[in-house]
Amino acid sequence: MDTDPPAAAQTTTPSGDGIVVSELTVRYQGTAEPAIANISCEVRPGTGLCVTGPEGAGKSTLLRALVGLVPPLRGSVSILGGSPQMPALRTQIGYAPDRLPFPRGLRVSDAVRLVGAIRGVTDAPAVALEQVGLPPHDRRIIWALELGEVRRVSLACAITGSPRALILDDPWEYPETVDVIRRALADGVTIVVGTLDP
């Protein structure tokens with residue numbers, strides 16, 4: 001996996017409000033070899049890091065560790081100045097996984113509204129849907145959508161409520177996706193994107 005951060009992410013002094021990864025190693029239960037080993041980087045607020053590599057290189061594992069979904073074997077992750085497990089911080093982290101994260105039968109607007117309720121906002125879901133190119137009150141069932149539209153819903157959930165960090169696992173490169181990332185960076189959001197090698 002390509003773990004060389006860009007110039008904006010190369011310092012080792014924690015900024016206190018971005019993402020700091022220190023000698024992170026993650027091993028899945030029942031496996032002998034680590035999925036990722038000894039990764040260190042910092043991503044400051046208002047900057048982004050793109051993690052690339054072939055399938056199976058550990059990109060998704062790194063991103064899951066950043067949002068607290070997999071525990072480190074060694075090392076540490078700090079996001080927005082604390083642990084991704086802290087409830088107060090979890091509402092400030094937008095995550096769009098590479099897999100289909102929605103229960104069967106859930107409607108588009110209901111999924112985004114649920115995320116908005118968790119983050120304490122009421123009007124943001126419609127705004128988020130429009131920002132990713134979907135109708136603001138989309139009542140379609142998610143599992144009836146094409147995969148590309150499901151990815152749009154996932155991105156809408158990630159940006160609902162204007163989180164301070166965005167972790168995007170293999171987002172599709174729609175014009176709306178690029179616009180979302182550009183706006184977030186301008187607003188000082190810390191962003192990490194994982195994607196396959198071109």
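Ignoring any ligand, DNA or RNA, what whole percent of the accessible area of the chain comes from carbon and sulfur when the probe is 1.4 angstrom?
Taking all protein chains in place, the chain shows 54 percent carbon and sulfur surface.
Over all directions, the average projected area of the alpha-carbon convex hull for segment 142-191 comes to how many nm²?
Taking a quarter of the hull surface, the average projection is 3.4 nm².
If the chain between ARG140 and TYR174 were fully stretched, how many nm would it gain, using 0.36 nm times the residue separation less the Cα-Cα distance?
10.2 nm
Could you compute the net charge surrounding LEU100? Neighbours are other residues with a C-beta less than 14 Å from the C-beta of LEU100; K and R count +1, D and E count -1.
Net local charge, LEU100 excluded: -1.
Over the alpha-carbon set of the chain, divide Rg by the Kirkwood Rh and report the Rg/Rh ratio to two decimals.
0.96
Compute the separation of the alpha-carbon centres of segment 165-198 and segment 58-83 and state it in Å as a whole number.
18
Only Lys, Arg, Asp and Glu count, each charged at its Cβ (+1, +1, -1, -1), so figure out the dipole size of segment 20-179 about its Cα centre, rounded to 20 debye.
520
Quick one: of the DSSP bridges fully inside the chain, what percent are antiparallel, nearest 5?
45
Take the Cβ-Cβ distance between THR25 and THR52 as r, set R0 to 22 Å, and report the resulting FRET efficiency rounded to the nearest 0.05.
Rounded to the nearest 0.05, the efficiency is 0.65.
With 14 Å as the cut-off, how large is the P(r) tail for segment 38-87, expressed as percent of Cα-Cα pairs?
56
For the chain, report the accessible area per residue in Å² (1.4 Å probe, heavy atoms, rounded to an integer).
50
Hey, can you grab everything whose amide H is under 5 Å from the amide H of LEU106? Only 5+ residues off in sequence or another chain; H modelled, so Pro and N-termini drop out.
ILE142, TRP143
For the chain, what's the relative contact order in percent, using C-alpha pairs closer than 8 Å and at least 6 residues apart?
Once divided by the residue count of the chain, the mean separation gives 25 percent.
With contacts defined as alpha carbon pairs under 8 Å and 6 or more residues apart, what's the relative contact order of segment 65-132 in percent?
Reported relative contact order: 21 percent.
Would you pull out the residues with amide H under 5 Å of SER83's amide H, same chain only if 5 or more places away, H placed 1.01 Å from N?
Amide H to amide H, under 5 Å and 5 or more residues apart or across chains, SER83 pairs with nothing.
The values are calculated or read from the model by the stated rules, or taken from the named source; none is laboratory data. On a predicted model such as this, the values are computed, not experimentally measured, just so you know. Note: ideal-geometry Cβ built from the backbone for every residue, glycine included; neighbour counts use all protein chains shown. Ligands, DNA and RNA are excluded from the accessible area calculation, which covers all protein heavy atoms including side chains. Shrake-Rupley method; radii C 1.70, N 1.55, O 1.52, S 1.80 Å.
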